[in-house]
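These notes are about the structure you will find just below.
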Amino acid sequence: MRKYTLAILTFISLLFPMMAQAEYCWMMSCVGEVGYVYIPASQMIVKAETMEMDFNGVKYKLDPTNRMLKGFGLPSIGSTVELNINVTLLSKDDIDSPSILQEIKLPWFALNNDQLKVQLHKYDFNDELVGAGLMRSGARFKILSYVGDYFAGHSRLFALVYIESD
C-alpha cells in the first residue's frame with residue numbers, strides 16, 4: 001500500500017509541480033527549517049485563568065479550542081513551544097503578501113450571542129499560499145526572534161522559528 005501511495009504522490013508532483021510545494025510538513029518534514037509563524041492577538045490576550053470575557057456588560061464563556069500554542073502568552077526568544085492547532089509556516093516574502101495582510105485584519109474572536117460564547121479565530125493561510133508548509137498540532141519550534149508589532153488587540157506580529165519536531 002505504501003509503495004502505491006508513494007507512486008501516486010510522485011505522479012501528482014510530476015503532473016502538477018506547484019502542488020508538490022504545498023505538502024504538509026508531516027508528509028515532507030519541516031524539521032530543521034526556519035520560517036515565520038503568525039502570532040495572533042488571542043495568543044497574547046488570553047491567559048491561563050481566563051474562563052470568560054466581558055463584552056458590553058455581557059459575560060461570554062471562552063472557548064479556547066483555537067488557541068495557537070499549548071502555553072499562554074507571548075513566548076520569550078529562545079524558548080521552545082508546542083502548537084495546539086495546525087499552523088502555516090511562512091516565508092519572509094509571504095508575511096508581506098496582500099492575502100496574508102488581509103487575513104490578519106480579521107478579528108481574533110467571534111461572539112456567539114445565542115450560546116454566549118467567545119470563539120477564537122483560527123487564521124488560515126493555506127488557500128493563499130501554495131509554497132507554505134502546514135505544521136500540525138503537537139509540532140515544536142524554537143522562537144528565534146519577532147518581526148512586526150502588536151497594538152490594541154490587533155497583531156501584525158510574526159515569530160521567526162526553527163522547527164525542532166513535527
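The values are calculated or read from the model by the stated rules, or taken from the named source; none is laboratory data. Here the structure is a predicted model, which is why all the values come from computation and not from measurement. Don't worry about glycine lacking a Cβ; one is built from the backbone with ideal geometry, like all the others, and counts go over all protein chains shown. What goes into the accessible areas is simple: the full protein's heavy atoms, side chains included, and nothing from ligands, DNA or RNA. Shrake-Rupley method; radii C 1.70, N 1.55, O 1.52, S 1.80 Å.
Would you confirm, using the coordinates I've provided, whether Leu106 is within 16 Å of Arg67 (Cα to Cα) and free of Cβ contacts under 8 Å to residues at least 24 places away in the same chain? Yes, satisfied.
For the stretch 89-166, the strands (runs of 3 or more DSSP E) that sit wholly inside it and include 3 or more residues that are over 28 Å from Met51 (Cβ atoms) and over 13 Å from the mean Cα position of the chain (by Cα) are 140-147, 157-165.
Restricting attention to the stretch 64-84, the residues being over 14 Å from Ile39 (Cβ atoms) and open to solvent by less than 30 Å² (accessible area, probe 1.4 Å) number 0. Inspection of the stretch 73-81 identifies no residue that is of a type outside the set (A, V, I, L, M, F, W, C), at pLDDT below 90 and under 23 Å from Gly148 (Cβ atoms). Cβ-Cβ distances below 7 Å connect the following pairs, each with a first residue in the stretch 37-59 that is over 15 Å from Phe158 (Cβ atoms), a second residue that is acidic (Asp, Glu) and surrounded by 11 or more Cβ atoms within 10 Å (Cβ to Cβ), and a separation of six or more residues or different chains: Lys59/Glu52. Listed by first and then second residue, the pairs linking a residue in the stretch 82-96 that is at negative phi and of a type in the set (Val, Ile, Thr) to a residue that is assigned to a strand (DSSP E or B) and at pLDDT below 90, with Cβ atoms under 9 Å apart and 6 or more places separating them unless they lie on different chains, are Val87/Leu134; Val87/Met135; Thr88/Gly133; Thr88/Leu134; Thr88/Met135.
If the condition is being under 13 Å from Pro75 (Cα atoms) and part of a strand (DSSP E or B), then the stretch 39-62 contributes only Ile39. Among the residues of the stretch 63-88, those that are part of a loop (DSSP other than H, G, I, E, B) and closer than 18 Å to Leu120 by Cα comprise Arg67, Met68, Lys70, Gly71, Phe72, Gly73, Leu74, Asn84, Ile85, Asn86.
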